[in-house]
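Just below is one structure, and these are the notes that go with it.
The values are calculated or read from the model by the stated rules, or taken from the named source; none is laboratory data. None of the values given here were measured: they were computed from a predicted structure. Using ideal geometry, Cβ is built from the backbone for each residue, glycine included, and neighbour counts are taken over all protein chains shown. Surface accessibility is based on the protein's heavy atoms, side chains included, excluding ligands, DNA and RNA. Shrake-Rupley method; radii C 1.70, N 1.55, O 1.52, S 1.80 Å.
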Amino acid sequence: QLDRWEAGERTSLWSDATRPKPGRKRPREDGERAVLRVSRCEALACEGHDSKACGALLSSGLRDPDADSHATLKRLQRAGPVPARTLRQDLASAPIIRDDSVLKMIRGFPADSAPGPTGLRAQHILDALGAGNTEPVVANLTQVVSVLARGEAPEALAPHLAGANLMAANKKGGGVRPIAVGEVLRRLTGKCLCQIYNDTARTRLWPHQVGCGSTLGAEIAIHVVRQWCQRNAGDPGKVAVKIDFANAF
């Protein structure tokens, strides 16, 4: 593949990389799944990802990429109208994204973070930040992030930069959990923008929601609700309601 890249066969390389892979001919047996879990655990442990290694042993795994899994995901998908296109001149001006912010956010990706449609991982970018390369790599990366933040990327790139790899994970109690892994450059742009507006979000949204921009917000909510329930346990006129929304996918 590297020889083909050097020879200029980049269009055909991209076609090969994006061509759907054929599904498995048969479902995996339970014993085979157990072997795969152990193998993945050992591989993650060798890379130093201890928590993910433990999770691999307990994971229910992914469903086989067969016709049944595809049909299940299609049933879960909620079809909606295509969003109306907004002209770039009608959008608010994008904030200035600084090099130090981009560097901090790329280093903040979890270890072994999964790649999106192009196969680019955050670790690939981190590996490029070697001695003598950090400044030029970050400078060019900041330019790319700024282009995406301003909405100036070519529309033809939207399916790749704004798309995601979709996988079907098995739920422990049965059923399927769809998992979408977006493109790293798009995720990096979102992280940079969230950091810029973090204080504004916290000021406007607290205390009506605690999941955005609020340090330890979820923990605070859990303790407050628990204490409220304990104080009012003997009052038949008071109840706490927990709503489990259907998966947005």
Exactly one of Ala156, Ala162 is within 30 Å of Asp64 (Cβ to Cβ) and modelled with pLDDT of 85 or more, and that one is Ala162
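Each row is one residue, and each column tells you yes or no for (1) without any contact (Cβ under 8 Å) to a residue 24 or more places away in the chain; (2) among the acidic types (Asp, Glu); (3) surrounded by 12 or more Cβ atoms within 10 Å (Cβ to Cβ); (4) not in a helix (DSSP H, G or I).
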{"residue": "Arg186", "(1), (2), (3), (4)": "no, no, yes, no"}
{"residue": "Gly211", "(1), (2), (3), (4)": "yes, no, no, yes"}
{"residue": "Ala218", "(1), (2), (3), (4)": "yes, no, no, no"}
{"residue": "His223", "(1), (2), (3), (4)": "yes, no, no, no"}
{"residue": "Gln230", "(1), (2), (3), (4)": "yes, no, no, no"}
{"residue": "Gly234", "(1), (2), (3), (4)": "yes, no, no, yes"}
{"residue": "Lys238", "(1), (2), (3), (4)": "yes, no, no, yes"}
{"residue": "Ile243", "(1), (2), (3), (4)": "yes, no, no, yes"}
Would you mind stating whether Ile196 is within 30 Å of Val138 (Cα to Cα), open to solvent by less than 70 Å² (accessible area, probe 1.4 Å) and modelled with pLDDT under 90?
no
As an exercise: evaluate Leu91 against (1) loosely packed, with under 11 Cβ neighbours inside 10 Å; (2) closer than 30 Å to Leu36 by Cβ; (3) over 21 Å from the mean Cα position of the chain (by Cα) and give the number of the one condition it does not meet.
(2)
Do we have Lys104 as in contact (Cβ under 8 Å) with a residue 24 or more places away in the chain, open to solvent by 40 Å² or more (accessible area, probe 1.4 Å) and either of a type in the set (Phe, Trp, Tyr) or in contact with a helix residue (DSSP H, G or I) (Cβ under 6 Å, 6 or more places away or on another chain) (or both) here?
no
Please pick out the residue among Ala153, Ala131, Ala164, Ala149 that is open to solvent by 80 Å² or more (accessible area, probe 1.4 Å), within 23 Å of Ile106 (Cβ to Cβ) and free of Cβ contacts under 8 Å to residues at least 60 places away in the same chain.
Ala131
